[in-house]
1. Within a Cβ distance under 11 Å of Gly33, other residues only, what is the Lys/Arg minus Asp/Glu net charge?
2. For every other residue with a beta carbon closer than 14 angstrom to the beta carbon of Val10, add +1 if it is Lys or Arg and -1 if Asp or Glu, then tell me the sum.
3. Compute the distance in nm between two label points, each set 7 Å from the Cα along the Cα-to-Cβ direction, one at Lys53 and one at Glu6.
4. Straight-line reach from Lys24: which lysines fall under 19 Å, measuring Cα to Cα and dropping same-chain residues less than 8 apart?
5. Going 7 Å from the Cα of Tyr27 along its beta-carbon direction, which residues of the range 1-16 have the amide nitrogen within less than 13 Å of the resulting point?
6. On alpha carbon coordinates alone, what is the Rg over Rh value for the range 43-87, Rh being the Kirkwood radius?
7. Output ³J(HN,Hα) for the range 57-64: one whole-Hz value per residue in order, computed from phi by the Karplus curve 6.51 cos²θ - 1.76 cosθ + 1.60 with θ = phi - 60°, and x for Gly and Pro.
8. Run the helix sum for the chain: -39,500 (n - 2.57) per DSSP H stretch of 4+ residues, divided by residue count, reported at 222 nm to the nearest 500 deg cm²/dmol.
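Taken together, the values in this text are just the output of simple stated rules run on the coordinates, not laboratory data. Since we're looking at a predicted model, the values are computed, not measured. A quick note on method: Cβ atoms are made from the backbone with ideal geometry, for glycine too, and the neighbour counts reach across all protein chains shown.
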Amino acid sequence: EQFRAEKGWVDPSETPIDAPGMLKADYTPGDLGFDPLGLKPEDPEEFREMQTKELQNGRLAMLAAAGFLAQEATDGKGIIEHLTSMS
């Protein structure tokens with residue numbers, strides 16, 4: 001967490017009193033410079049598109065997890081029990 005804070009946020013001692021938590025001008029949220037496979041697009045527009053796709057994928061995964069929880073709440077059986085009973 002300290003690495004992310006130092007990479008993205010202006011040092012609190014250097015910010016105005018009325019603007020706590022200022023982001024650095026050259027910082028893009030979510031871009032910590034970790035790309036060992038070289039998958040990050042160089043074009044900023046392609047990067048924004050990739051960010052959007054990742055966000056949508058995460059949101060879909062959260063909906064799926066909510067569906068698993070709702071199913072378990074209705075009949076008391078977990079997802080594994082449902083999968084094994086189907087075969």
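1. On the way: positive: Arg4, Lys7, Lys40; negative: Asp31, Asp35.
My count for the surroundings of Gly33 gives +1.
2. Working: positive: Arg4, Lys7, Lys24; negative: Glu6, Asp11, Glu14, Asp18, Asp26.
Result for the neighbourhood of Val10: -2.
3. Computed distance between label sites Lys53 and Glu6 equals 3.3 nm.
4. Filter leaves Lys7.
5. Only 1-15 pass the distance filter.
6. Numbers: Rg = 16.4 Å, Rh = 12.6 Å.
Taking Rh as the inverse mean 1/r over Cα pairs, Rg/Rh reads 1.30.
7. Karplus-based 3J(HN,Hα) across the range 57-64 equals 4, x, 5, 5, 5, 5, 5, 4 Hz.
8. Values: 3 runs with 47 residues, N = 87.
Per the formula, -18000 deg cm²/dmol.
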